[in-house]
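Enquirer: Quick one: this structure, given as structure tokens, is what I'll be asking you about.
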Amino acid sequence: MAAVRRERDLLGERDVPADVYYGIHTLRAVENFPLSGVPLSAHPELVVALASVKEAAALAHRDLATLPPDRADAIVTACREIRAGALHDQFVVDVLQGGAGTSTHMNANEVIANRALEILGHPRGAYGYAHPNDDVNRAQSTNDVYPTAVKLALRAAAGVLLDSMTDLARAFTERGGAFAKTYKLGRTQLQDAVPMTLGQEFDVFALTVRDDAAVLQAARAETCEVNLGGTAIGTGLNADPGFTAAVVAHLALVTGVPVREARDPIESTQGMGAFLQMSAALRRFALRLSKICNDLRLLASGPAAGLGEIRLPARQAGSSIMPGKVNPVIPEAVNQVCFDVVGADAAVSMAAQAGQLQLNAFEPLVAHLLLTAIRRLGAACRILAEHCVQGIEANESHLRFAVERSAGLATALNPVIGYPKASELARRCVTGGVPVRVLALRDGLLSAEELDGLLDLHRLVRPPR
């Protein structure tokens, strides 16, 4: 039989595998919540954040002499190992759980305590020498540790997403430069409009991504206000005198994040504002990124029966029955990520409003959805930039032909010949297939020199202001 150790909790005794670092609370959580099949370790940012909070707490207790120095040092060492990537496989509770994150919190407390015991020279489970609650969790509660850790995790994950967004914006900007003199028709309501350049179209994509990055950066800044030290409901019951200021200061040093004490820890314990702001920023980007992907697919549609204005890089055969067919699979995949993020925002919104009084019990769902959304959007930005945008080509001859034969050019003649005559030229252009320039010259409305000036494409796409 496999070796076990016996542990006790409120409900009684249980045998825990001797070779694991978690304990009885984690064991019960694994049994109670087989919901998503996604363990806490799937979110390494959250594991690291939990270890960071516990390290800061142990350092504060060492300063305040509220923990024996050897215990505090052992806890700090264990936390630093976890922050460096060790023992992540021991964070096994399901990301979805009842208890407002208590199971996640106790998983961390137990792993840290048992590693600290080893460092102190004691066997796992010998909690008289380093206890998950009395030592690792001294002056803390799930209700201040968990939201603080989630905010740190979101900030770290969002930083990675911002890097990917920068890369995507850069890819659009590079293509915008390459297409700066590629003239084409703009479209409104899917109908021909006035000329522009393909470069302008791609520059807009770049600006969209950069604008959304700024919104995400603002949401990221809101995660710096933490309720650590507030313990159960924000009043700070059971926190040692001076602990709040000390632990927040140490957390800033440990993480390099400018965390600050909550203006009102009670509000911060129950409030979900930072999470809602983060979710809204992700939703905004997902919706606008999805629109960009829609545009790319539309511009590349065809090649014979669609717009056919650009060519996307061919990534794979597109059909099991139609030879030679190639599909816009990268934008399609990114679209699906965006749809998923929008759905996650709806669930986050439901969870945020479902809290009661001094606590929101549904933060585990919020943490899982937001961290997942951030990770998927980051991956979507990377594959869109690398596997699609960087290799896009323009169908220049097709674009130029469409511009020169478009009825939209009649708009440029409005100021000179008036709207009614310009409208008649546009109508005849559409019905007869004769270019506006030819019709205007044939009707004697304008000279060739006047038409050259009025219909100069460079002037039309960048009119003087």
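The values are calculated or read from the model by the stated rules, or taken from the named source; none is laboratory data. Remember, it's a predicted structure, so these values are computed and weren't measured experimentally. A quick note on method: Cβ atoms are made from the backbone with ideal geometry, for glycine too, and the neighbour counts reach across all protein chains shown. SASA here: full protein model, heavy atoms, side chains in, ligands and nucleic acids out. Shrake-Rupley method; radii C 1.70, N 1.55, O 1.52, S 1.80 Å.
Enquirer: Let me check I have the definition right: for segment 401-465, take the eigenvalues of the Cα gyration tensor, multiply each by 5, take square roots. What are those semi-axes in whole Å, largest first?
Expert: They are 17, 13, 11 Å, listed largest first.
Enquirer: Averaged over all directions, how much area does the convex hull of the C-alpha atoms of segment 44-161 cover when projected, in nm²?
Expert: Mean orientational projected area (segment 44-161, Cα hull): 7.1 nm².
Enquirer: Mean separation of Cα pairs under 8 Å and 6+ residues apart, divided by the residue count of segment 212-288: what relative contact order is that in percent?
Expert: After rounding, I find 41 percent.
Enquirer: I'd like the distance between the alpha-carbon centres of segment 128-183 and segment 18-79, rounded to an integer number of Å.
Expert: One Cα centre to the other: 20 Å.
Enquirer: Among 333, 300, 320, flag the residue with its Cα farthest along the positive direction of the charge dipole of segment 297-349, charges on Cβ as +1 for Lys/Arg and -1 for Asp/Glu.
Expert: Value computed over the given set: 320.
Enquirer: Go from 0 up to the bin containing the longest alpha carbon distance in segment 211-336, width 10 Å each, and give me the % of pairs per bin.
Expert: The percentages, shortest bin first, are 12, 25, 19, 14, 13, 11, 5, 0.
Enquirer: Further, regarding this structure: Report, in debye and to the nearest 20, how large the dipole of segment 196-321 comes out about its Cα centre when Lys and Arg carry +1 and Asp and Glu carry -1 on their Cβ.
Expert: In total the dipole reaches around 500 debye.
Enquirer: Right, next: Positive end of the dipole of segment 99-216, charges at C-beta (+1 Lys, Arg; -1 Asp, Glu), about the Cα centre: which of 146, 207, 121 has its Cα farthest in that direction?
Expert: So the residue furthest toward the plus end is 207.
Enquirer: While we're here: Check which residues have an amide H placed less than 5 Å from residue 194's amide H, if you skip close sequence neighbours.
Expert: 186
Enquirer: Here's something else I'd like to know. With θ taken as phi - 60° and the coefficients 6.51, -1.76 and 1.60, list the Karplus ³J(HN,Hα) couplings across segment 374-386 in order, rounded to whole Hz; mark glycine and proline as x.
Expert: These are the phi-based 3J(HN,Hα) values: 4, 5, 5, 5, x, 5, 5, 4, 5, 6, 5, 5, 7 Hz.
Enquirer: Using heavy-atom solvent-accessible surface (probe 1.4 Å) with all chains present, what is the largest-first order of 142, 66?
Expert: Largest to smallest exposure gives the sequence 66, 142.
Enquirer: Could you tell me the relative contact order of the chain? Use alpha-carbon pairs under 8 Å, at least six residues apart, and round to a whole percent.
Expert: Relative contact order here is 15 percent.
Enquirer: Accessible area of the chain with a 1.4 Å probe: how many percent of it is carbon plus sulfur? Write out the running numbers ahead of the final one.
Expert: Values: 11580 of 20880 Å².
Here carbon and sulfur together make up 55 percent of the probe-accessible area.
Enquirer: Bin all alpha-carbon pair distances of segment 115-164 at 10 Å intervals from 0 and give each bin's fraction as a whole percent.
Expert: Histogramming segment 115-164 at 10 Å steps yields 23, 28, 27, 18, 4 percent.
Enquirer: Could you work out the percent of alpha carbon pairs in the chain separated by over 42 Å, rounded to a whole number?
Expert: When all Cα pairs of the chain are counted, 37 percent exceed 42 Å.
Enquirer: Please name whichever of 59, 78, 23 sits farthest to the positive end of the charge dipole of segment 13-80, dipole taken about the Cα centre and charges placed at Cβ: Lys and Arg +1, Asp and Glu -1.
Expert: Checking the options against the dipole of segment 13-80, the answer is 59.
Enquirer: Could you order the peptides 96-108, 350-362 from most to least packed, using the average number of other C-beta atoms within 10 Å per residue?
Expert: On the way: 96-108: 23.5, 350-362: 15.3.
The most tightly packed comes first, giving 96-108, 350-362.
Enquirer: At residue 134 and residue 180, where each label point lies 7 Å from the Cα along Cα→Cβ, what is the point-to-point distance in nanometres?
Expert: 7.2
Enquirer: Given bins 5 angstrom wide, list per bin the percent of all Cα-Cα distances in segment 336-465, short to long.
Expert: Taking every Cα pair in segment 336-465, the percentages come to 2, 9, 13, 12, 8, 6, 5, 6, 8, 9, 8, 6, 5, 3, 1, 0.
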